[in-house]
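Have a look at the structure below, then the notes.
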Amino acid sequence: MICPHCSKDLLQRQRPRHRCSYCRKEFALDPKSDGVGLHDLRIRKVIAKLTDEGRLTVTSGQLNYALQHRGRPPVKFRGSRSDAAALFTFAVIGLVVSLVLSGTGFGRWILLAALVMIGFGIRTWVLADSPVPDTSVHSRWTEEQFRRTVLDRWRAVYGALPAGLVEDGLVQPGPLPADPAFVVLCPDRTVGAFLHANRYHERHRALVVTDPRAVPAGLPLVVLHDASPYGHLRVAEARAGRPGLRVLDAGLSVRTVLTDEHRYTLLRDIHRSAELPARLERELPELTGSQRDWFAEGWWTPLASLPPKRLLALAERAAERITAPPAPRDPAVPRSGPLRSPAAGRPETPVETRRRALAVGFMTWPEPGPDGTTEDGGRPGGTDLRKGPA
């Protein structure tokens, strides 16, 4: 690793007890003992990128996500063809030796060992295409582990956290707006701390809350949520519980994540309830089959794992949309976007669309009369098909 003080390239034996052998100064993190790739210079580089070179304030939770792996981890298999080939090689050598020593008792033991290796080699070869069931959550550190490994160690060496980094639980929300323009519901404490640390609530007169029960009545609502089943369900619950009020879904959707999983931090919830798939199908019919399967496997992406600059831009756009007056609609202009079911207050499903189209006769041909023609002798518009083109 590179010493953060004197920039010397240090081998493992040249940095005992987190101290450089050249400048004799102590550093906070060692990639060998504290985590692969985890050292002071990398932490500073990642923080500089997260803060947009000091323009933003980021939280420790966002730093934790930035150091996690992105995309799906590599699939592990029960066997390996390279291991099987090695077993076969040693088995062949054992067979040759057993033939040479066939007249002795030692040769019979070698033959037995060679046959056992052949059996294990066949098993390993067959299992090379069998994946190991993945039951991990794919999180490198928990919040407590990250605080103990990185934050506390950094404070002990440097006296304070790096500039632009604050701890989630230490962010003060500041004075609440006297006359809030809208409410932001964000159950993720890390995202709420990030918005408060960057004065989002002051610039937009927004009331940022983490508990749905703390949302006041009568105000427009912006829901910031993870790409998770519970995040999507929270939007549906908010719309059902606030009829007549604007509820804006400004969270991270599963559709966005599935366009390119490698760009996002994927975590796994291995304790999903058995009723969740049926609830998703009942309350979120707009989800596709692949999206439900992704949720059924336990995958989800935290909103706090987005790059802070992108996350703040998402919240800024939501503030502009929720406070903008609705544009008057010209009755002569066809309505765009998905129609909503009046009864359910949700986007119209394809089945409902087809039923409504059939009810008004859309894309249907006039029924022929007794003489085999339509009422006007041809097309519904009045052109007689028997006369040919005009």
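No lab work stands behind these numbers, since they all come straight from the coordinates. This structure is a prediction, so every number in the text was calculated from the model and none was measured. Glycine also receives a Cβ, built like all others from the backbone with ideal geometry; neighbour counts cover every protein chain displayed.
For the reader, a short list of remarks on this structure follows.
- With a cut-off of 18 Å on the backbone N, the residues of the range 204-234 near the modelled label site 7 Å out from HIS271 along Cα-Cβ are 229-231.
- Principal axis dimensions, largest first and in whole angstrom, of the range 7-90 by Cα: 57, 35, 16
- Calculated on the Cα set of the range 20-153, radius of gyration then Dmax: 25.5, 82 Å.
- Whole-Å distance, taken between Cα centres, linking the range 98-124 and the range 3-30: 52
- Relative packing of peptides 145-153, 2-10 - highest average C-beta neighbours within 10 Å first: 145-153, 2-10
- Distance between the modelled labels on TYR22 and ALA163, one decimal in nanometres: 2.5 nm (7 Å Cα→Cβ projection).
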